Amino acid sequence: MERRAVKVFLESNVILSGLISDRGAPRLILDVLSLGLPVLRGVTGRYNLAEIERDIAKKLPAARSVLSQCLPRMNLEIVFLPFLDEMEPFRGTVDDKDLPVLASAVIAKADYFLTGDKRLLSQIRRASGLAFLGCLPADFLNRFLPDILAGRNPQREER
């Protein structure tokens, strides 16, 4: 039986940080996803991509070409913008501005939710019933990725 790839949801700040820096955990994660390993699948939301494009246009217009070159290499699964009724069950779990992000990760059936936003991460960790594990990019690289690459997924084993 073929194993399902581990799905890693990338929040906007992880992708943006990885695009503008040539070092650090976000960049390493984008590089690993660009390898096309069958055990790992990157995913993000259409909402996140719109946020990244807006930030780049406003603050880093020269980085537009980096985004257009790198995004296809990562072969990210893109989750459509969630409908209001898909976000409603999560109201109060996270700030309203993050509802589309959380709903996208749930719709994607993510195993891990990576963000550098410590407030959002804290809200996700306090939430009950989420099937994914929220973590900082560096924690994912150091604690979970080695096991995933070795054919184990500690997140699925805990369920």
- request: Hey, could you get me the Stokes-Einstein D for region 39-80, Kirkwood radius over alpha-carbon pairs, 10 °C and 1.306 mPa s, rounded to whole µm² s⁻¹?
  value: 145 µm²/s
message: Run the count for the chain, please: Lys pairs, Cα-Cα under 24 angstrom, 8 or more apart or on different chains.
response: 10
- line: Note to self, the chain gives a 222 nm [θ] from helices alone (DSSP H runs n ≥ 4, -39500 (n - 2.57) apiece, / all residues, nearest 500) of -13000 deg cm²/dmol
message: Pick from K118, K109, K59 the residue whose mean-square fluctuation is largest in a GNM of the chain, springs joining Cα atoms under 10 Å.
response: K59
- prompt: How far is it, in nm, from the label point at D22 to the one at R64 when both lie 7 Å from their Cα along the line to the Cβ?
  reply: 2.4 nm
FRET efficiency for R3 and T93, using Cβ-Cβ distance with R0 set to 30 Å, rounded to 0.05: 0.50
- line: So for R0 = 22 Å, FRET eff. of E86-S122 from the Cβ-Cβ r, to 0.05, ends up at 0.45
- prompt: For the charge dipole of the chain, defined by +1 on Lys and Arg C-beta atoms and -1 on Asp and Glu C-beta atoms about the Cα centroid, which residue among V14, N75, P146 has the Cα displaced farthest towards the positive pole?
  reply: P146
statement: Fewest to most Cβ atoms within 10 Å: T115, T93, T44 sort as T93, T115, T44
query: Which residue, V39, V66, V101, has the most motion in a Gaussian network model of the chain that connects Cα atoms within less than 10 Å?
result: V66
- prompt: Per q in 0.12, 0.21, 0.22 1/Å, what log10 I(q)/I(0) does a Debye calculation on the alpha-carbon atoms of region 33-159 return?
  reply: -0.50, -1.41, -1.47
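A short reminder: the numbers here are calculations on the coordinates, not readings from a lab. Since the structure is predicted, the reported quantities are computational estimates derived from the model, not experimental observations. Every residue, glycine among them, receives a Cβ derived from its backbone with ideal geometry; neighbour counts consider all protein chains shown.
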